[in-house]
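Student: I have a structure here, written as structure tokens, and I will follow up with some questions on it.
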Amino acid sequence: MRINHKEYSGEVEPRTLLVYFLRDELNLTGTHVGCDTGHCGACTVVLDGKAVKSCMVLAVQASGAEILTVEGLADDDRLHPIQEAFRENHGLQCGFCTPGLLMSSLALLRENPHPTEADIRRGIEGNLCRCTGYVNVVKSIRAAAEAAAKRRMEVER
Amino acid sequence: MIPKKFDYYAPSSLNEAIQLLTENEEAKVLAGGQSLLGLMKLRLAAPTALVDISKLPGLSYVREDGDHLAIGALTTHDTIEHSPAIKEKFTVLNEAASKIGDQQTRNLGTIGGSVCHADPAADLPTALRVLEAEFVMKAKKNERVMPASDFFVDFFTTAVGHDEVLTEIRLPYLPPKSASAYLKHSLREHDFAIVAAGTVTTLGDGDVCREVRIGLGAIGPTPLRATTAEQYLKGKVLDDAKIADAAVKAVEGVSPPSDVHGSKQYRLEMIKVLTKRSLRLALSRAGISGI
Amino acid sequence: MSVVVEQEVSVAQEEKVSELKGRLEDPRLLTGKGRYVDDLKMEDQAYMGIVRSPFAHARIKRIDLSKLQSSPDFIAALTGEDLLREGVATVTELPMLAHKFANRHQLAVSKVRFAGEPVAAILVRRKNSLEDLVEQVEVDYETLPVVTSIEESKKGGTLIYEDWNDNIFYTLSRKRGDAESAIAPAPHVIRAREGIRRQEAAPMEPRSVLVTYKREEGLYEVYATVQSVHFLRQYLSSELKIPEAKFHVKVMDMGGGFGSKGGNSYPEPVLACLFSKRTGLPVKWTATRTEEFLEAAAGRDEYCDITLACDKNGMIVALKARIECDVGVSGTSAFMAFATVGFMLGTYEIPKLDLKAQCYVTNKMTVGPIRGAGRPEGVYFIERAMDIMAKKIGLDPIEFRRRNIADPQSPESEGYRDLLDTLVKSGHYEEIQRWRDDLSSDIGKEKDGRALVAGVGISLLGGDAGIFSIRSMLAGMSLRGLVGFIRMLPRFRSFGGEYGRVTMNKSGEVYVYTGSSPHGQGHETAFAQLASEELGVPIDKVKVVWGDTEQIPHGVGTFGSRSGAAGGSSVVDASRRLKSDLIKKASKILGRDRGSLDFRNGGIVEAKHPENVLVEIGDILDRLGTTEISAISIYSQRSPRDASAAHLCAVTLDPELGTIKIVKYVVVEDCGRIINKTIVDGQLHGGVVHAVGGSLFEKLAYDDQGNLLTATMMDYNIPTAQDSPDVEILHRGTPFAGALNGVKGMGETGTMAGYAAVMNAINDALSQIQPGAQVNVAPATPDSIFAALANHTSQST
Amino acid sequence: MQTTLPKAPREVEILHYDGSFEVNSPKDVVYDFIADPAKVSTILPDVQDVKITDHDDFSMKAKMGISFVKGLMDVKCTFTEKTPFTFLKLKANANGLSSVVELEASFTLKDGEVGGTVVRWAADVKIAGLLARVGSRLIDSATQKYVTEMINSLKPKLTQ
């Protein structure tokens, strides 16, 4: 499978979950495990363009897939605009749910570049956060959307 | 949490998949995995083998097909939610799909997986029951088509044989002046339903209710039809009073479970409320306002 | 109006934050480079699994490990008997109060007392086979009668601890005058039973521990998810009977705690130490979410029969309260009712008082501090009573509170009144009231059930009633309490002050070592700000170090809303000591008098012309023949205070479904000096939404056998983005004299005042449909709201 | 205001089921069937290797659950009461699925019409561990279904 634009391959027991393959085999520990039952979204990654919970996918199922994890968002030292927005708007506190939220936000904004607040809240409902009350998370995603719109306009000019 | 050991097969064709299932009684089909893997991680389910059909080509589609709309078994909830054809002609299914879990779940979960899992609180089965959908099941030699009324047998139990694969779900087109709606009552938006109701109404001349179907979810082993209420409404011109009567009839003979999110008594009351509201919503969509 | 209020926040701090473009800790957390305990991996690390009791109360007849021996992945196992053999002590309990001490071990010995209690631990080679082998352990039990409620516990027919004569953990009482005879003739009397059900802190990161025993040094290197590495060091030392110096406890990034990783001594770190010593392997354990629900200290589960009496002018004449708490099996710090009482009595003038709080042990996991730690309950009890009374006598709830604020002349009271006035001035209150009345005018008019009903609730969070004094701690201490207290004292030293050490090296870089232990609160930024302001060095030259018992020899930790005030003040204090020490030494070197010198911009400067650097820090240290200079502060507050606040909550109720939506939420608060407004706001947002969850959804539900029925995040429902309101915040920012840096505790205050505001709003909505209809126990789930509306006739005033 | 709320609210799930049916065999035949471990053990679905310790104690392995949501459990059964031809009480303790299921079943036999027997049965089920923790949504219906299945497989075996 391709992870963050690099080819990876490995032999695993069929029952190995994608999230443990990422964390234990590839040491990509930015993807977290928060609940085990597919309810918290801390393990969210982008698989073939869609946000999915990597604790609800077998590693073998993802063979041949294109996966993006939080480690693949920034290019070198430059934060991804969504990461930048979360930073500037204090969209994170303990940071544990943040990677999952970033990946959901990424997928959300690709599908829907101009989300309403309701769209945003629905789009991240599968990502639980106990620190922020979501207030600044929503603010961050809105800011990221606005920044992206601005960039598009500049390009057009 | 990690599932118990199992053998994993990723067949390259439907026939190969069916062959594998035929050879192994304990094997289970893996589609989107959003329901099955959850139970396997809890170790409440421990199939000795998984036959992963999620990558089989040609099983994910929504297409017009004569008198019905055909949906491939591997079509995801997200695709169903965003299909214009479904949104326009089968609103109840569109709404049911949009209320399943969260975005991540809708991205992977499939209609085939959901109905074969047959969780009594699942959203799609109730919608498919009122749409009187038909289920196409392929075995080694034959293929059979079964109506929703027979397809859902019990909790987590459907008519699909261990050597069969559900390939397609067919939605017969509704007559003109039909409308539908799905309402789900849950603690939080993405929780399992405490009670769910789906309705389809078809009006005739003078807005007489020609046909009405009321489906109830999360209150029994399988999605139920409130037939008494349906019979009562048929042939009448509907108003608030009649809808209220029907809502009361909807609870006749049903015995919902009690759990931490709602007592049996509470569920019975909610059945009435959701029946009433889903009927109203469907009718307003059919152009009957002011009810 | 709100703009005017906002201006009172010091603008300088605003700039600091904006120039920071976020917090210093953010970049690594945003890029997946955070270092949480479960992210760590040692060579050959083995995995620990816990065998847990399915029964809430049972004798252990036999533990059969034989099936494991055949597995190549099996390494070792431990049972309660092994702990006794190794001389491991009972679970540490904080000697805080006159409570009985539980004779309980980290692995059940002879009997289990709650469902999920560890009965054995196993060590295996591969993660994937962990659960397979845990399932192979066979335990025979003989079940015992189960105590799952306060009522059953009270009866005492079944004892949780055979060496106790009843199931009472402790009793606390406060009396002032003769309340009864004041209540009897009072024109206005309300009675209610209010409560908050058992709830979970539920930080997103499950607990985790990684222990490596270094035989040659006899040293345990312990990485653990804890809010205080120093507490864990004491727990391990006292339970394993090994000197503290033999434990090097560390935590780096942590995914929230909210108390559940703070107050309790859990089995797993102790067991991992035993395994690592026995096998020489690094031992890793990470909880599943279900293990969190079964074992992580829960909170709340307090209920109060409350009687409030007022005279004809709406002045309180007396309060009678009977508080009952279900503390489960009682653990390291299950004394929350204590704080409940303090915060129930801190805000209003109560001439006559008769209060009793009683805590009962049951066959459930222990309670412990979770966000607010007993204070939300206290605020909830009194604020619900205030609201019910205001309605009864037809007074505006704000006016009624205003009249009854305690000790009218004190600055605190002026502060409370100012909060209420600010809320009114802001215009929000009036606006919401208008909205509410518009909506409620539709009630009845609209066709059945289609109209939503509006409800408005407020709450006032004042201070505690100074109950946290040694005298009141030891008040009414039973002989048994005294014995246990004395037994525990040597095992757990008192909190003491918070540790801060500030070090500057030759290139003018500053290292701040703090005993506080951030896990989302942003100390790395806030403490760097404090040091940078005090020492006049750019913030990017300051590095904050925490969570390491070898770099930070003493410390308390982060809980109880204490870090900003205690931890922050110790950083300020140490910075100032460092500065004056530098100036003193420089004045000798330069032969100038101290007053004319200052330290700024990385060097000694003319006090009058700071731009003119006389000598660089590097040169000073060279001339002093050293490479760095340090100062230490152990800062303790005589009377720390939490922020005061007024909350306003507006909800809509769907009367047919019994569902609630929060449509507006406003906080007016005064947390003293604001170090970093962005961080303060973030803390309040989270705190409020924590209370929203606790008021609408969250409950740890048990059946009659003591099975926890909500053991996954499917059934234990914390708020999602869809359920959470936007939260508007108005700050007052009056510097607090009780802390060197002018700061009051605030991390938990959003939760403390939140329950009352939300529940008052819900009950306001209910009362418009059916006078007398109430939901008195949080969470107000749809079925309980429905029941309240259905049963309203059976309720009377 | 006085409220009618429970003092410490909590969910209570007592799993009790009962019923009665009539068969055409006489009481002694019915009694002998139920009292015989070898025979009565056959009414559980999916039973494997039954071991009979003595005429009051027996054990077996049984697949318990619904559809694919099931697992193998070790079941130990003991007759705690036997009053020939009129009454029997059976205790069963099942271990598996990280859970413990305790079942207490009683059978009261009365003469029916024309030589048959009226069998009044009652079953109380206690569930601890994983099934109780995560199954609360389904446990009542599932247990009821399981008990009904056993009774239904008993009836024909008592009919001549």
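The values are calculated or read from the model by the stated rules, or taken from the named source; none is laboratory data. This one's a predicted model, so the numbers in the text were calculated from it and none came from an experiment. No Cβ is skipped: glycine too gets one built from the backbone with ideal geometry, and neighbour counts run over all protein chains shown.
Student: Is it the case that C:Gly772 is touching an Asp or Glu at 6+ places or on another chain (Cβ under 8 Å), part of a loop (DSSP other than H, G, I, E, B) and either away from chain B (no Cβ under 14 Å) or on the phi > 0 side of the Ramachandran plot (or both)?
Tutor: So C:Gly772 fails the test.
Student: Kindly list the number of the only condition in (1) of a type outside the set (A, V, I, L, M, F, W, C); (2) surrounded by 16 or more Cβ atoms within 10 Å (Cβ to Cβ); (3) in a loop (DSSP other than H, G, I, E, B); (4) touching a residue at least 60 places away in the same chain (Cβ under 8 Å) that fails for C:Gly500.
Tutor: (3)
Student: What residue, among those in region A:12-29 that are more than 22 Å from B:Leu50 (Cβ to Cβ) and of a type in the set (S, T, N, Q), is nearest to the other protein chains (Cβ to nearest Cβ)?
Tutor: A:Thr29
Student: Can you pull out the residues in region C:242-267 that are surrounded by fewer than 24 Cβ atoms within 10 Å (Cβ to Cβ) and within 17 Å of A:Val33 (Cβ to Cβ)?
Tutor: The one that is surrounded by fewer than 24 Cβ atoms within 10 Å (Cβ to Cβ) and within 17 Å of A:Val33 (Cβ to Cβ): C:Asp253.
Student: Looking only at helices (runs of 4 or more DSSP H) that fall completely inside region B:1-94, which ones have 1 or more residues that are farther than 30 Å from D:Met64 by Cβ?
Tutor: Helices (runs of 4 or more DSSP H) meeting the threshold: B:14-23, B:77-82, B:84-89.
Student: Here's another thing I want to ask about it. Could you run through region A:49-71 and say how many residues are facing another protein chain (nearest Cβ under 7 Å), surrounded by fewer than 21 Cβ atoms within 10 Å (Cβ to Cβ) and in a strand (DSSP E or B)?
Tutor: Result for region A:49-71: 1.
Student: Now, a different point. Just need a number here: residues in region C:35-59 that are more than 26 Å from C:Ser276 (Cα to Cα) and surrounded by 19 or more Cβ atoms within 10 Å (Cβ to Cβ).
Tutor: Looking only at that region, the number is 5.
Student: Oh, and also: Take region A:88-124 and flag every residue that is more than 7 Å from every other protein chain (Cβ to nearest Cβ), assigned to a loop (DSSP other than H, G, I, E, B) and closer than 24 Å to C:Gly522 by Cα.
Tutor: Passing the criteria: A:Asn89, A:Gly91.
Student: Might you check whether a residue that is touching a His at 6+ places or on another chain (Cβ under 7 Å) and modelled with pLDDT under 95 occurs anywhere in region C:536-551?
Tutor: Looking through region C:536-551, none of the residues is touching a His at 6+ places or on another chain (Cβ under 7 Å) and modelled with pLDDT under 95.
Student: Quick check: is even one residue across region C:169-189 within 14 Å of another protein chain (Cβ to nearest Cβ), more than 34 Å from the chain's Cα centre (by Cα) and either over 30 Å from B:Phe6 (Cα atoms) or buried (at least 17 other Cβ atoms within 10 Å of the Cβ) (or both)?
Tutor: yes
Student: To continue, here is another question. What are the pairs, 6+ residues apart or on separate chains, where a residue within region B:20-37 that is at negative phi has its Cβ under 6 Å from a residue that is buried (at least 24 other Cβ atoms within 10 Å of the Cβ) and among the acidic types (Asp, Glu)?
Tutor: none
Student: Quick one: which of D:Phe58, D:Phe85, D:Phe79, D:Phe107 is touching a strand residue (DSSP E or B) at 6+ places or on another chain (Cβ under 9 Å), aromatic (Phe, Trp, Tyr) and part of a loop (DSSP other than H, G, I, E, B)?
Tutor: D:Phe85
Student: Sticking with this structure for a sec: Looking at (1) more than 23 Å from the chain's Cα centre (by Cα); (2) surrounded by fewer than 24 Cβ atoms within 10 Å (Cβ to Cβ), can you tell me which one C:Gly738 breaks?
Tutor: The one condition C:Gly738 does not meet is (1).
Student: Filter region B:210-268 down to residues that are in contact with a strand residue (DSSP E or B) (Cβ under 7 Å, 6 or more places away or on another chain), small (Gly, Ala, Ser) and closer than 18 Å to B:Ile291 by Cα, then give me how many there are.
Tutor: Of the residues in that region, 2 qualify.
Student: Follow-up. Against the condition farther than 26 Å from D:Leu130 by Cβ and away from chain C (no Cβ under 11 Å), how does A:His80 come out, does it pass?
Tutor: When the stated conditions are applied, A:His80 does not pass them.
Student: Just checking, does region D:32-40 include any residue being touching a residue at least 40 places away in the same chain (Cβ under 8 Å), in a loop (DSSP other than H, G, I, E, B) and more than 24 Å from D:Ile127 (Cβ to Cβ)?
Tutor: Among the residues of region D:32-40, not one is touching a residue at least 40 places away in the same chain (Cβ under 8 Å), in a loop (DSSP other than H, G, I, E, B) and more than 24 Å from D:Ile127 (Cβ to Cβ), which makes the answer no.
Student: Within region C:607-709, which strands (runs of 3 or more DSSP E) (wholly inside it) include 2 or more residues that are under 30 Å from C:Asp326 (Cα atoms)?
Tutor: Those strands (runs of 3 or more DSSP E) span C:644-654, C:659-670.
Student: Further question on the same structure: Among strands (runs of 3 or more DSSP E) lying entirely in region B:146-235, which contain 3 or more residues that are crowded, with 19+ Cβ neighbours inside 10 Å and not assigned by TED's automatic domain parsing to the domain that holds B:Lys28?
Tutor: In region B:146-235, B:165-172, B:178-185, B:195-203, B:209-217 are the strands (runs of 3 or more DSSP E) which contain 3 or more residues that are crowded, with 19+ Cβ neighbours inside 10 Å and not assigned by TED's automatic domain parsing to the domain that holds B:Lys28.
Student: Among residues belonging to region B:7-29 that are within 13 Å of chain A (Cβ to nearest Cβ) and touching a Pro at 6+ places or on another chain (Cβ under 8 Å), point out the one that is surrounded by the most Cβ atoms within 10 Å (Cβ to Cβ).
Tutor: Residue satisfying both the conditions and the ranking: B:Ala27.
Student: While we're here: Quick check: anything in region C:615-630 under 34 Å from the mean Cα position of the chain (by Cα) and more than 14 Å from chain A (Cβ to nearest Cβ)?
Tutor: So far as region C:615-630 goes, yes, one or more of its residues are under 34 Å from the mean Cα position of the chain (by Cα) and more than 14 Å from chain A (Cβ to nearest Cβ).
Student: If only one of C:Val571, C:Val545, C:Val605, C:Val556 is of a type in the set (A, V, I, L, M) and over 29 Å from C:Glu25 (Cβ atoms), which one is it?
Tutor: C:Val605
Student: Scan region C:676-687 and report the pairs whose first residue is of a type in the set (Asp, Glu) and whose second residue is not in a loop (DSSP other than H, G, I, E, B), with Cβ atoms within less than 6 Å and a gap of 6+ or a chain change.
Tutor: C:Asp681/C:Ile729
Student: Counting only residues that are more than 7 Å from every other protein chain (Cβ to nearest Cβ) and not β-branched (Val, Ile, Thr), which one in region A:34-48 is surrounded by the most Cβ atoms within 10 Å (Cβ to Cβ)?
Tutor: Among those residues, the one meeting the criterion is A:Cys43.
Student: How many of the residues making up region C:209-246 are assigned to a strand (DSSP E or B) and touching a Phe, Trp or Tyr at 6+ places or on another chain (Cβ under 7 Å)?
Tutor: So the count comes out to 6.
Student: Let me ask you something else. Any idea which of (1) over 18 Å from the mean Cα position of the chain (by Cα); (2) away from every other protein chain (no Cβ under 13 Å); (3) part of a strand (DSSP E or B) is the one C:Asn313 doesn't satisfy?
Tutor: (3)
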